[in-house]
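**Q** Got a structure here, written out as structure tokens. Questions coming.
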Amino acid sequence: MPLGRRALRKGVAVRKIVQAAALDDLEARDYVQELVQRGAHIGITDAPGDWVLILDRNVVVRPADGTRRAAGRRASCGARARSHG
């Protein structure tokens, strides 16, 4: 089960940032819609890169090797997220 879905089921606040082009994929778009229905906040960017998942405003998760296959399987925890607002 993807990390975003698992986190939401456990009551963790989730924010996911995805590339706009990723939403051209029907499966990816359906997954993003599911996350929104479960309470996640989604950010969409045109900047190059891969998805980023922010959990409880403290932990940033991103693919370890930058491939789509890494999504939800291998991830590395990075620096703490910071609120700029």
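**Q** Between GLN37 and ASP25, what is the label-to-label distance in nm when each label sits 7 Å out along the Cα-to-Cβ direction?
**A** 2.0 nm
**Q** Assuming 0.36 nm per residue, please report the length gained on full extension of the stretch ASP50 to ALA13 beyond their Cα-Cα distance.
**A** 11.3 nm
Every read-out reported here was derived from the displayed coordinates using simple, explicitly stated rules and does not represent laboratory data. If you're wondering where the values come from, they're calculated on a predicted model, not measured in any experiment. In this analysis, Cβ positions are derived from the backbone assuming ideal geometry, glycine residues included, and neighbour counts consider all displayed protein chains.
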